[in-house]
Amino acid sequence: MVSTASRSLPIRIVIAVVAASLPLNVSTQELVGANVDFVKNAIDEYRRNREGAILADFVELLSMPNVAVSLPDMERNADYIIGLLELRGFTTRRLRAGGAPYIYAELTSPGAAETILIYSHFDGQPVQEENWEYPPFSPTLLDGPVQGGGQPVDIDQVEGHFGPEWRLYARSAGDDKMPIIALVHTLDALAASDIDLSVNLKLLLDGEEELGSPTVGKLIDENSSFLDADLLLFCDGPMHPSRRTQLVFGVRGMTTVDITTYGATRPLHSGHYGNWAPNPIMQLSYLLTSMRDESGQILIDGYYDDVVPLSELERAAIATMPDITEALKDELSVHTPEGDGARIEELIALPAINARGIVAGGVGTKGRNVVLSTATTSLNLRLVPAQTPDQVRKLIEAHLAEQGFHVVFEDPTPEMLRSHEKVAKLQWRGSGYPALRTALDHPMSLRLTRLMRLIAPDLIVTPTMGGSLPLHDFGSRLSAPIIILPLANHDNNQHAENENIRLQNLWDAMQIYGAVLANFGDM
Ligand SMILES: [Zn+2]
């Protein structure tokens, strides 16, 4: 921790605190609390007078097509973003490791001892333009959600304030160009009020996240000296549906396998051969039920051995989260969720075997009365700390062997099928990646949580999200703990048509960035 002696609070703030008649022996926490309010108000006031200008910058950035496979598009985006950053005094570098460009930017703050690295990405998912209500690269402001009948608003014609529930529709409005726009205007707002950053600020803006950031590992390896930081704030993904400010401390890992089982080498008449010919669909069904039970509990020997259970602190954090179980059941018409009554937030902290598809034969008019030759399932395996894709792979292969399968990795020959009771072909899709979870009681976690509670007293602390992000690429290479700060509305439609950002989320993001950057070093 930085002592207040090595970096004192701005005099202005101390004066403001005294003027507010707080006792002179106020604790650091209270001083920071007062400064948080001061910063939030300063940013709010700045923003209220410039909403149109902020949105104009955002519209310009969102007008640039940004599907990562188009390198010229990504370069144009990078040029524009680098321009925005250099205007604010950042030193920038365009980094490449064989794929789309990344942007590294750095803003040092005199007297700051620590560095926060912020990640976001400026590429977006491909678009199917015909499904969009308004063209994805012609950003359109609506006075409400499109499905609620929101109508277009001309940004230049707005007098007074923009409605907080208005939404800007465009690809990447929510995922994930918003943090870039929020940040640069936050810095303007801080500068306008003479508020110093309490930390050095570094940015890593990814130009190929939606492709799975294929070169990020190499890129970090080649540039690790720049990326040195005390905390990595990962600003991507949607916020909690309650709209409460949220910190997320982990993600699940993932790996995928297709499994094929075999009957006779050609489909056989089910009347003449049924009860004699081995049935691959039934074999696959028995195999799947041997892997997990109806509640989702995995039955594979040793599957939970590497799993780090939730800590008491993590359980306590989950217990204070809004319970969405009943709302989910209603919304999704579910009578009995899996998991034997455990909360969803606890269940997503466990490994999962999700059968994402089964392909075999046909149904309805495509059904034939045969015993098939093959059946295939695709399993999407969600991993949690400290499982590794390699270990999971070994356990699954061992389980198949234990179930009597001869395991192969290419199409089996007729001789192979003739000489083994049961054969299964496994196709591992990609190498997968492990999960990541930062401890809630890591010193940086505690400091950020404390500060965020001053910014948003009803903060939600989420030990892990259920989804997977390749954060391990960062976690295994950088020493900084990683904490996810989601800023986009949960209903931003990311990856789909009609992606949008709710304006209040953009304004809130500016306040959060401002209060964090101005105060983190003083916590
Ligand atoms: Zn994203």
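The values are calculated or read from the model by the stated rules, or taken from the named source; none is laboratory data. None of these values were measured; they are calculated from a predicted model. All Cβ positions, glycine included, derive from the backbone under ideal geometry; neighbour counts span all protein chains shown.
Residue count for the range 139-159, restricted to those that are touching a helix residue (DSSP H, G or I) at 6+ places or on another chain (Cβ under 9 Å) and in a loop (DSSP other than H, G, I, E, B): 2.
Of Ala42, Ala97, Ala53, all but one fail to be in a loop (DSSP other than H, G, I, E, B) and not hydroxyl-bearing (Ser, Thr, Tyr); the exception is Ala97.
May I ask you to list pairs of residues, at least six apart or on different chains, whose Cβ atoms are under 8 Å apart, with the first in the range 401-416 being without any contact (Cβ under 8 Å) to a residue 12 or more places away in the chain and the second being surrounded by 12 or more Cβ atoms within 10 Å (Cβ to Cβ)? As it stands, the answer is Ala401/Val407; Met416/His406; Met416/Val408; Met416/Val423, since those pairs meet every condition given.
Suppose we keep only residues that are in a helix (DSSP H, G or I) and not hydrophobic (A, V, I, L, M, F, W, C) within the range 194-229. Which one would you say is nearest to Ala515 (Cα to Cα)? I'd like the intermediate steps shown before the answer.
Our first condition is that a residue be in a helix (DSSP H, G or I); within the range 194-229, this holds for 209-211, 216-222.
Remaining after also requiring not hydrophobic (A, V, I, L, M, F, W, C): 209-210, 217-218, 221-222.
On the way: Glu209: 27, Glu210: 29, Gly217: 31, Lys218: 33, Asp221: 31, Glu222: 32 Å.
Per the criteria, the residue is Glu209.
Given the condition of a type in the set (D, E, K, R), within 14 Å of the ligand (Cβ to nearest atom), surrounded by 23 or more Cβ atoms within 10 Å (Cβ to Cβ) and modelled with pLDDT of 95 or more, answer yes or no: does some residue in the range 146-169 qualify?
No, the conditions are met nowhere in the range 146-169.
Residues that are hydroxyl-bearing (Ser, Thr, Tyr) and either in a loop (DSSP other than H, G, I, E, B) or within 16 Å of the ligand (Cβ to nearest atom) (or both) do not occur anywhere in the range 273-283.
Of all the listed residues (Asp473, Asp508, Asp458), the sole one being assigned by TED's automatic domain parsing to the domain that holds Ile195, under 25 Å from Pro126 (Cβ atoms) and either in a helix (DSSP H, G or I) or out of contact with any helix residue (DSSP H, G or I) (no Cβ under 6 Å at 6 or more places or on another chain) (or both) is Asp473.
Residue pairs whose Cβ atoms lie under 8 Å apart, sitting 6 or more positions apart in sequence or on different chains, and linking a residue in the range 45-62 that is in the same structural domain as Pro139 (by TED's automatic domain parsing) to a partner that is charged (D, E, K, R), are Tyr46/Asp188; Gly52/Asp156; Ile54/Arg47; Phe58/Lys177; Leu61/Lys177; Leu62/Arg171; Leu62/Lys177. A single member of Thr265, Thr245, Thr289 is among the β-branched types (Val, Ile, Thr), at pLDDT 95 or above and surrounded by 15 or more Cβ atoms within 10 Å (Cβ to Cβ), and it is Thr245.
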